[in-house]
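One structure below.
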Amino acid sequence: MTLIKLMYEFMKTGLFSVGGGLATLPFLYAISDKTNWFTHSDIADMIAVAESTPGPIGVNMSTFAGFKTSGVIGGVLASFALALPSVIIILIIAKFLNKFKDNPLVERTFYGLRPASIAMITAAGLNVAKVALIDLDAFSISHNLNDLFIYKAIVLGVIIFIAQRRFKVHPVLLIAFAAIAGIIFKF
Amino acid sequence: MSELWELYKTFAAIGSVTFGGGYAMLPILERELVNKREWTSLDELRDYFSIGQCTPGIIALNVSTFIGEKRAGVMGAVAAGLGFLTVPIIIILIIAAFLTNFTELEIIQHAFAGVRVCVCVLIVQAVMRLWKSSIVDKLTLALYLIIFMLNAFAKISPALLVIASGLLGLFIRRKY
(Lines give C-alpha, C1' and ligand atoms only; values in the text may rest on other atoms or scores of the structure.)
Protein backbone atom coordinates (compact mmCIF):
# COMPACT_ATOMS: atom_id res chain seq x y z
CA MET A 1 0.00 0.00 0.00
CA THR A 2 2.77 2.40 0.96
CA LEU A 3 4.56 1.54 -2.29
CA ILE A 4 1.52 2.51 -4.36
CA LYS A 5 1.07 5.78 -2.47
CA LEU A 6 4.78 6.47 -2.84
CA MET A 7 4.64 5.92 -6.60
CA TYR A 8 1.48 8.00 -6.93
CA GLU A 9 3.00 10.99 -5.10
CA PHE A 10 6.24 10.94 -7.10
CA MET A 11 4.44 10.39 -10.39
CA LYS A 12 2.40 13.51 -9.61
CA THR A 13 5.63 15.38 -8.85
CA GLY A 14 7.13 14.22 -12.15
CA LEU A 15 4.04 15.24 -14.07
CA PHE A 16 3.63 18.77 -12.70
CA SER A 17 7.13 20.02 -11.95
CA VAL A 18 8.05 22.19 -14.93
CA GLY A 19 11.47 23.83 -15.21
CA GLY A 20 13.79 21.14 -13.92
CA GLY A 21 15.60 20.39 -10.66
CA LEU A 22 14.40 22.91 -8.12
CA ALA A 23 10.86 22.92 -9.54
CA THR A 24 10.29 19.62 -7.72
CA LEU A 25 10.84 21.37 -4.34
CA PRO A 26 7.32 22.73 -3.76
CA PHE A 27 5.98 19.20 -4.39
CA LEU A 28 8.48 17.68 -1.99
CA TYR A 29 7.42 20.15 0.73
CA ALA A 30 3.77 19.31 0.06
CA ILE A 31 4.54 15.57 0.37
CA SER A 32 6.49 16.22 3.57
CA ASP A 33 3.52 18.12 5.07
CA LYS A 34 1.00 15.36 4.49
CA THR A 35 3.13 12.24 5.08
CA ASN A 36 5.85 11.33 7.56
CA TRP A 37 8.21 10.13 4.81
CA PHE A 38 10.73 12.95 5.32
CA THR A 39 10.97 16.26 7.21
CA HIS A 40 11.67 19.81 6.01
CA SER A 41 15.22 19.41 7.34
CA ASP A 42 15.63 16.21 5.31
CA ILE A 43 14.71 18.20 2.18
CA ALA A 44 17.25 20.93 2.97
CA ASP A 45 19.92 18.25 3.54
CA MET A 46 18.95 16.40 0.38
CA ILE A 47 19.29 19.56 -1.73
CA ALA A 48 22.90 19.70 -0.53
CA VAL A 49 23.41 16.00 -1.25
CA ALA A 50 21.85 16.45 -4.70
CA GLU A 51 24.11 19.40 -5.49
CA SER A 52 27.21 17.42 -4.55
CA THR A 53 26.35 14.03 -6.11
CA PRO A 54 25.43 13.21 -9.70
CA GLY A 55 21.80 13.26 -10.70
CA PRO A 56 18.90 15.69 -10.42
CA ILE A 57 17.39 16.60 -7.04
CA GLY A 58 13.99 15.12 -7.91
CA VAL A 59 15.54 11.70 -8.52
CA ASN A 60 17.73 12.00 -5.41
CA MET A 61 14.77 12.91 -3.22
CA SER A 62 12.48 10.20 -4.57
CA THR A 63 15.21 7.58 -4.07
CA PHE A 64 15.78 8.84 -0.53
CA ALA A 65 12.08 8.94 0.42
CA GLY A 66 11.42 5.56 -1.20
CA PHE A 67 14.35 3.99 0.63
CA LYS A 68 13.27 5.46 3.97
CA THR A 69 9.72 4.15 3.65
CA SER A 70 10.20 0.82 1.83
CA GLY A 71 13.90 0.01 1.46
CA VAL A 72 15.80 -0.49 -1.79
CA ILE A 73 12.71 -1.51 -3.80
CA GLY A 74 10.96 1.64 -2.62
CA GLY A 75 13.91 3.80 -3.65
CA VAL A 76 14.04 2.34 -7.14
CA LEU A 77 10.26 2.36 -7.74
CA ALA A 78 9.79 5.93 -6.48
CA SER A 79 12.49 7.14 -8.89
CA PHE A 80 10.94 5.28 -11.82
CA ALA A 81 7.55 6.75 -10.89
CA LEU A 82 9.06 10.24 -10.96
CA ALA A 83 10.59 9.63 -14.39
CA LEU A 84 7.65 7.92 -16.08
CA PRO A 85 5.37 10.89 -16.90
CA SER A 86 8.15 12.94 -18.49
CA VAL A 87 9.39 9.97 -20.57
CA ILE A 88 5.87 9.45 -21.94
CA ILE A 89 5.40 13.16 -22.65
CA ILE A 90 8.75 13.44 -24.44
CA LEU A 91 7.98 10.35 -26.55
CA ILE A 92 4.78 12.06 -27.70
CA ILE A 93 6.48 15.40 -28.33
CA ALA A 94 9.32 13.72 -30.26
CA LYS A 95 6.73 12.77 -32.86
CA PHE A 96 5.59 16.36 -33.34
CA LEU A 97 8.82 18.14 -32.48
CA ASN A 98 8.73 21.05 -34.89
CA LYS A 99 5.05 21.81 -34.46
CA PHE A 100 5.45 21.92 -30.69
CA LYS A 101 8.37 24.34 -30.76
CA ASP A 102 6.63 27.10 -32.68
CA ASN A 103 3.13 26.68 -31.35
CA PRO A 104 1.80 30.02 -30.00
CA LEU A 105 -0.45 28.19 -27.54
CA VAL A 106 2.59 26.54 -25.98
CA GLU A 107 4.37 29.90 -25.81
CA ARG A 108 1.35 31.51 -24.12
CA THR A 109 1.07 28.73 -21.56
CA PHE A 110 4.72 29.18 -20.62
CA TYR A 111 4.18 32.90 -20.20
CA GLY A 112 2.08 31.91 -17.16
CA LEU A 113 4.05 28.84 -16.09
CA ARG A 114 7.49 30.47 -15.82
CA PRO A 115 6.65 33.06 -13.12
CA ALA A 116 4.68 30.41 -11.19
CA SER A 117 7.64 28.07 -11.30
CA ILE A 118 10.14 30.57 -9.86
CA ALA A 119 7.56 31.84 -7.34
CA MET A 120 7.37 28.32 -5.90
CA ILE A 121 11.15 27.95 -5.97
CA THR A 122 11.30 31.19 -3.94
CA ALA A 123 8.83 29.74 -1.44
CA ALA A 124 11.02 26.62 -1.20
CA GLY A 125 14.01 28.88 -0.53
CA LEU A 126 12.05 30.52 2.29
CA ASN A 127 11.42 27.07 3.77
CA VAL A 128 15.15 26.31 3.77
CA ALA A 129 15.92 29.75 5.25
CA LYS A 130 13.49 29.07 8.09
CA VAL A 131 15.64 26.08 9.09
CA ALA A 132 19.04 27.55 8.23
CA LEU A 133 19.02 31.24 9.14
CA ILE A 134 16.55 31.74 11.99
CA ASP A 135 15.98 29.96 15.29
CA LEU A 136 12.26 30.08 16.06
CA ASP A 137 12.62 27.82 19.11
CA ALA A 138 15.05 30.13 20.90
CA PHE A 139 12.92 33.16 19.95
CA SER A 140 9.66 31.67 21.24
CA ILE A 141 11.30 31.03 24.63
CA SER A 142 13.08 34.37 25.11
CA HIS A 143 11.00 36.69 22.88
CA ASN A 144 14.27 38.47 22.24
CA LEU A 145 14.77 39.50 18.59
CA ASN A 146 18.49 38.90 19.05
CA ASP A 147 17.80 35.20 19.47
CA LEU A 148 15.69 34.98 16.31
CA PHE A 149 18.53 35.34 13.83
CA ILE A 150 21.46 32.94 13.64
CA TYR A 151 24.05 35.62 12.95
CA LYS A 152 26.96 33.37 12.05
CA ALA A 153 24.75 31.61 9.50
CA ILE A 154 23.81 34.93 7.92
CA VAL A 155 27.47 35.98 7.72
CA LEU A 156 28.37 32.66 6.08
CA GLY A 157 25.51 33.11 3.61
CA VAL A 158 26.77 36.56 2.57
CA ILE A 159 30.32 35.22 2.11
CA ILE A 160 29.09 32.33 -0.05
CA PHE A 161 26.87 34.64 -2.08
CA ILE A 162 29.77 36.95 -2.88
CA ALA A 163 32.15 34.05 -3.60
CA GLN A 164 29.70 32.63 -6.11
CA ARG A 165 28.88 35.94 -7.80
CA ARG A 166 32.43 37.26 -8.11
CA PHE A 167 34.52 34.15 -8.60
CA LYS A 168 31.99 31.64 -10.01
CA VAL A 169 33.05 28.96 -7.53
CA HIS A 170 31.55 25.54 -8.32
CA PRO A 171 28.55 24.64 -6.06
CA VAL A 172 30.29 21.44 -4.88
CA LEU A 173 33.19 23.51 -3.51
CA LEU A 174 30.79 25.98 -1.87
CA ILE A 175 28.98 23.13 -0.14
CA ALA A 176 32.26 21.61 1.08
CA PHE A 177 33.31 25.05 2.37
CA ALA A 178 29.96 25.53 4.16
CA ALA A 179 30.20 22.07 5.76
CA ILE A 180 33.69 22.81 7.10
CA ALA A 181 32.56 26.24 8.38
CA GLY A 182 29.61 24.53 10.07
CA ILE A 183 31.90 22.10 11.87
CA ILE A 184 34.53 24.67 12.90
CA PHE A 185 32.09 27.33 14.15
CA LYS A 186 29.58 24.79 15.60
CA PHE A 187 26.45 25.84 13.72
CA MET B 1 20.18 -5.20 -28.86
CA SER B 2 23.73 -3.87 -29.04
CA GLU B 3 22.31 -0.46 -29.95
CA LEU B 4 20.18 -0.46 -26.77
CA TRP B 5 23.16 -1.56 -24.66
CA GLU B 6 25.24 1.20 -26.24
CA LEU B 7 22.55 3.76 -25.33
CA TYR B 8 22.27 2.43 -21.78
CA LYS B 9 26.05 2.49 -21.29
CA THR B 10 26.48 5.98 -22.73
CA PHE B 11 23.75 7.54 -20.60
CA ALA B 12 24.86 5.68 -17.48
CA ALA B 13 28.26 7.31 -17.97
CA ILE B 14 26.67 10.73 -18.55
CA GLY B 15 24.37 10.29 -15.54
CA SER B 16 27.32 9.62 -13.28
CA VAL B 17 29.15 12.87 -14.05
CA THR B 18 26.34 15.44 -14.09
CA PHE B 19 26.53 17.43 -10.90
CA GLY B 20 24.00 20.09 -10.11
CA GLY B 21 21.45 19.06 -12.73
CA GLY B 22 19.98 20.83 -15.76
CA TYR B 23 22.05 23.75 -16.88
CA ALA B 24 25.38 22.23 -15.90
CA MET B 25 24.81 19.36 -18.32
CA LEU B 26 24.94 21.02 -21.72
CA PRO B 27 28.75 21.01 -22.13
CA ILE B 28 28.98 17.33 -21.13
CA LEU B 29 26.21 16.30 -23.52
CA GLU B 30 27.83 18.34 -26.26
CA ARG B 31 31.15 16.56 -25.81
CA GLU B 32 29.70 13.05 -25.52
CA LEU B 33 26.82 13.13 -28.00
CA VAL B 34 27.80 15.70 -30.62
CA ASN B 35 31.61 15.58 -30.79
CA LYS B 36 32.44 12.03 -29.73
CA ARG B 37 29.51 9.91 -30.96
CA GLU B 38 27.88 12.20 -33.55
CA TRP B 39 24.43 11.01 -32.46
CA THR B 40 22.98 14.50 -32.80
CA SER B 41 23.92 18.04 -33.86
CA LEU B 42 24.50 20.95 -31.51
CA ASP B 43 21.42 22.75 -32.84
CA GLU B 44 19.28 19.71 -32.27
CA LEU B 45 20.69 19.31 -28.78
CA ARG B 46 19.80 22.93 -27.98
CA ASP B 47 16.24 22.32 -29.20
CA TYR B 48 15.94 19.23 -27.00
CA PHE B 49 17.22 21.29 -24.13
CA SER B 50 14.78 24.14 -24.52
CA ILE B 51 11.87 21.73 -24.87
CA GLY B 52 13.16 19.67 -21.95
CA GLN B 53 13.21 22.86 -19.92
CA CYS B 54 9.59 23.72 -20.52
CA THR B 55 8.01 20.27 -20.30
CA PRO B 56 7.40 18.49 -17.02
CA GLY B 57 10.13 16.48 -15.39
CA ILE B 58 13.86 16.52 -15.19
CA ILE B 59 15.60 18.31 -18.05
CA ALA B 60 18.49 15.85 -18.31
CA LEU B 61 16.14 12.90 -18.41
CA ASN B 62 14.02 14.59 -21.06
CA VAL B 63 17.09 15.10 -23.23
CA SER B 64 18.12 11.43 -22.74
CA THR B 65 14.64 10.33 -23.80
CA PHE B 66 14.81 12.44 -26.97
CA ILE B 67 18.18 11.03 -28.05
CA GLY B 68 17.20 7.45 -27.17
CA GLU B 69 13.99 7.77 -29.18
CA LYS B 70 15.85 9.18 -32.15
CA ARG B 71 18.38 6.31 -32.13
CA ALA B 72 16.14 3.32 -31.41
CA GLY B 73 12.49 4.28 -30.90
CA VAL B 74 10.57 3.73 -27.69
CA MET B 75 12.91 1.00 -26.41
CA GLY B 76 15.86 3.29 -27.08
CA ALA B 77 14.23 6.02 -25.00
CA VAL B 78 13.67 3.57 -22.15
CA ALA B 79 17.27 2.28 -22.35
CA ALA B 80 18.68 5.83 -22.31
CA GLY B 81 16.42 6.89 -19.43
CA LEU B 82 17.26 3.82 -17.34
CA GLY B 83 20.94 4.34 -18.02
CA PHE B 84 20.74 7.95 -16.91
CA LEU B 85 18.99 7.01 -13.64
CA THR B 86 21.19 4.05 -12.62
CA VAL B 87 24.17 5.72 -10.95
CA PRO B 88 22.26 8.52 -9.13
CA ILE B 89 19.84 5.96 -7.65
CA ILE B 90 22.68 3.71 -6.42
CA ILE B 91 24.59 6.63 -4.89
CA ILE B 92 21.56 7.94 -2.98
CA LEU B 93 20.66 4.44 -1.76
CA ILE B 94 24.14 4.20 -0.26
CA ILE B 95 23.98 7.71 1.23
CA ALA B 96 20.45 7.18 2.59
CA ALA B 97 21.59 4.00 4.31
CA PHE B 98 24.39 6.02 5.90
CA LEU B 99 22.35 9.16 6.66
CA THR B 100 19.85 7.40 8.89
CA ASN B 101 22.71 6.29 11.15
CA PHE B 102 25.11 9.18 10.85
CA THR B 103 22.84 12.22 11.25
CA GLU B 104 22.88 11.44 14.98
CA LEU B 105 26.58 12.39 15.10
CA GLU B 106 27.12 15.94 16.34
CA ILE B 107 29.82 16.72 13.79
CA ILE B 108 27.53 15.72 10.90
CA GLN B 109 24.76 17.90 12.33
CA HIS B 110 27.08 20.92 12.41
CA ALA B 111 28.23 20.20 8.86
CA PHE B 112 24.68 19.98 7.54
CA ALA B 113 23.64 23.15 9.39
CA GLY B 114 26.44 24.93 7.54
CA VAL B 115 25.48 23.31 4.25
CA ARG B 116 21.85 24.44 4.61
CA VAL B 117 23.05 28.06 4.57
CA CYS B 118 24.82 27.32 1.30
CA VAL B 119 21.66 25.73 -0.11
CA CYS B 120 19.75 28.94 0.70
CA VAL B 121 22.24 30.96 -1.32
CA LEU B 122 22.12 28.51 -4.26
CA ILE B 123 18.32 28.78 -4.38
CA VAL B 124 18.45 32.58 -4.30
CA GLN B 125 20.89 32.49 -7.20
CA ALA B 126 18.73 30.07 -9.18
CA VAL B 127 15.80 32.48 -8.78
CA MET B 128 17.97 35.40 -9.91
CA ARG B 129 19.12 33.43 -12.96
CA LEU B 130 15.57 32.54 -14.01
CA TRP B 131 14.10 35.96 -13.21
CA LYS B 132 14.99 37.70 -16.51
CA SER B 133 13.36 35.14 -18.79
CA SER B 134 10.31 34.65 -16.55
CA ILE B 135 9.32 38.05 -15.16
CA VAL B 136 8.96 40.03 -18.37
CA ASP B 137 6.23 42.56 -17.49
CA LYS B 138 3.88 43.76 -14.72
CA LEU B 139 1.50 40.87 -15.23
CA THR B 140 4.16 38.19 -14.74
CA LEU B 141 5.46 40.10 -11.70
CA ALA B 142 1.95 40.13 -10.19
CA LEU B 143 1.54 36.43 -10.97
CA TYR B 144 4.90 35.73 -9.30
CA LEU B 145 3.85 37.54 -6.10
CA ILE B 146 0.41 35.93 -5.96
CA ILE B 147 1.69 32.39 -6.55
CA PHE B 148 4.44 32.95 -3.98
CA MET B 149 1.88 33.99 -1.33
CA LEU B 150 -0.50 31.14 -2.14
CA ASN B 151 2.30 28.56 -2.04
CA ALA B 152 4.27 29.89 0.94
CA PHE B 153 1.45 30.95 3.27
CA ALA B 154 -1.82 29.38 2.11
CA LYS B 155 -0.16 25.99 1.40
CA ILE B 156 -2.21 25.48 -1.75
CA SER B 157 -1.24 22.38 -3.75
CA PRO B 158 1.57 23.17 -6.22
CA ALA B 159 -0.06 21.00 -8.90
CA LEU B 160 -3.16 23.20 -8.74
CA LEU B 161 -1.04 26.37 -8.97
CA VAL B 162 0.84 25.03 -12.02
CA ILE B 163 -2.40 24.21 -13.85
CA ALA B 164 -4.01 27.55 -12.93
CA SER B 165 -1.05 29.65 -14.02
CA GLY B 166 -0.67 27.71 -17.28
CA LEU B 167 -4.34 28.32 -18.09
CA LEU B 168 -4.02 31.97 -17.08
CA GLY B 169 -1.13 32.41 -19.52
CA LEU B 170 -3.10 30.68 -22.24
CA PHE B 171 -6.15 32.93 -21.88
CA ILE B 172 -4.64 36.25 -20.87
CA ARG B 173 -1.88 36.49 -23.42
CA ARG B 174 -3.61 36.94 -26.75
CA LYS B 175 -1.11 39.01 -28.73
CA TYR B 176 0.92 36.52 -30.78
Listed residues A:K99, A:K68, A:K152; largest mean-square fluctuation, Gaussian network over chain A with Cα springs below 10 Å, found at A:K99
For the range B:2-102 the mean separation of alpha carbon contacts under 8 Å (6+ apart) over residue count, i.e. relative contact order in percent, is 38 percent
Expressed as a whole-number percentage, the relative contact order of chain A with C-alpha contacts under 8 angstrom and at least six residues apart is 22 percent
Counting partner chain Cβ atoms within 10 Å of every residue's Cβ in B:126-135, what's the average? 5
Check cross-link reach from A:K130 to the lysines: straight Cα distance under 16 Å, and skip same-chain residues fewer than eight apart. A:K152, B:K155
Identify which of A:S140, A:S86, A:S117 has the largest mean-square fluctuation in a Gaussian network model of chain A, with springs joining Cα atoms closer than 10 Å. A:S140
With springs connecting C-alpha atoms under 10 Å apart, model chain B as a Gaussian network and identify which of B:L160, B:L130, B:L105 has the largest mean-square fluctuation. B:L160
Indicate the residues belonging to the range B:39-74 that lose 50 Å² or more of solvent-accessible heavy-atom surface (probe 1.4 Å) upon moving from the chain alone to the assembly of all protein chains, ignoring ligands and nucleic acids. B:I51, B:C54, B:T55, B:P56, B:G57, B:I58, B:T65, B:F66, B:E69
Summed buried accessible surface, chains B and A, 1.4 Å probe, nearest 100 Å²: 8000 Å²
What's the carbon and sulfur percent of chain B's accessible surface, probe 1.4 angstrom, rounded to a whole number? 67 percent
Which length gain, in nm to one decimal place, applies between A:K186 and A:T2 when the Cα-Cα distance is subtracted from 0.36 nm times their residue separation? 62.5 nm
Relative to chain A, whose Cα atoms define the longest principal axis, helix A:104-132 and its Cα axis are tilted in degrees, nearest 10, by 30 degrees
B:M128 to B:I90: extension gain in nm, 0.36 nm per residue of separation minus the Cα-Cα distance? 10.5 nm
Calculated FRET efficiency for the pair B:A154/A:I162, C-beta based, R₀ 25 Å, to 0.05: 0.15
Among the range A:106-135, those whose backbone N falls under 19 Å of a label point 7 Å along Cα→Cβ from B:L139 are A:106-119
Accessible area per residue, 1.4 Å probe, Å², for the range A:2-101: what's the number? 35 Å²
In what sequence, highest mean first, do A:48-56, B:90-98, B:162-170, A:34-42 appear when ranked by Cβ atoms within 10 angstrom? A:48-56, B:162-170, B:90-98, A:34-42
Could you compute the FRET efficiency for B:L167 and B:E106, with r as their C-beta to C-beta distance and R0 at 51 Å, rounded to 0.05? 0.55
Restricting to lysines and to Cα separations under 24 Å from B:K138, and discarding same-chain partners fewer than 8 apart, the set is B:K175
In nm, give the distance between the simple-model label positions of B:R37 and A:V155, each being 7 Å from the Cα along the Cα-to-Cβ direction. 4.9 nm
Once the dipole of chain B is set up from charges on Cβ (+1 Lys and Arg, -1 Asp and Glu), the residue from the list B:L143, B:V162, B:T10 lying farthest towards its positive end is B:L143
Can you give the calculated 222 nm mean residue ellipticity of chain B, where each DSSP H run of n ≥ 4 adds -39,500 (n - 2.57) and the sum is split over every residue, rounded to the nearest 500 deg cm²/dmol? -26000 deg cm²/dmol
When only DSSP loop residues count, what GluC sites (Glu not before Pro) in the range B:31-138 have their Cβ near at most 16 other Cβ atoms within 10 Å? B:E38, B:E104
Give me a single rounded figure for A:162-174: the average over its residues of other chain Cβ atoms within 10 Å of their Cβ. 2
Once whole DSSP H runs in chain B are found, which of them have Cα atoms spread over 27 Å or more along the helix axis and a mean Kyte-Doolittle score of at least 1.6? B:59-102
Picking from A:P54, A:H40, A:S79, whose Cα lies most toward the positive end of the charge dipole for the range A:2-101 (charges on Cβ: Lys, Arg +1; Asp, Glu -1)? A:S79
Cut-off under 19 Å on the C-alpha distance; same-chain residues fewer than 8 positions from A:K12 excluded. Which aspartates and glutamates are left, in chain and number order? A:D33
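The values are calculated or read from the model by the stated rules, or taken from the named source; none is laboratory data. Just so you know, these numbers come straight off a predicted model, no measurement behind them. Using ideal geometry, Cβ is built from the backbone for each residue, glycine included, and neighbour counts are taken over all protein chains shown. Heavy atoms of the whole protein, side chains included, go into the accessibility calculation; ligands, DNA and RNA do not. Shrake-Rupley method; radii C 1.70, N 1.55, O 1.52, S 1.80 Å.
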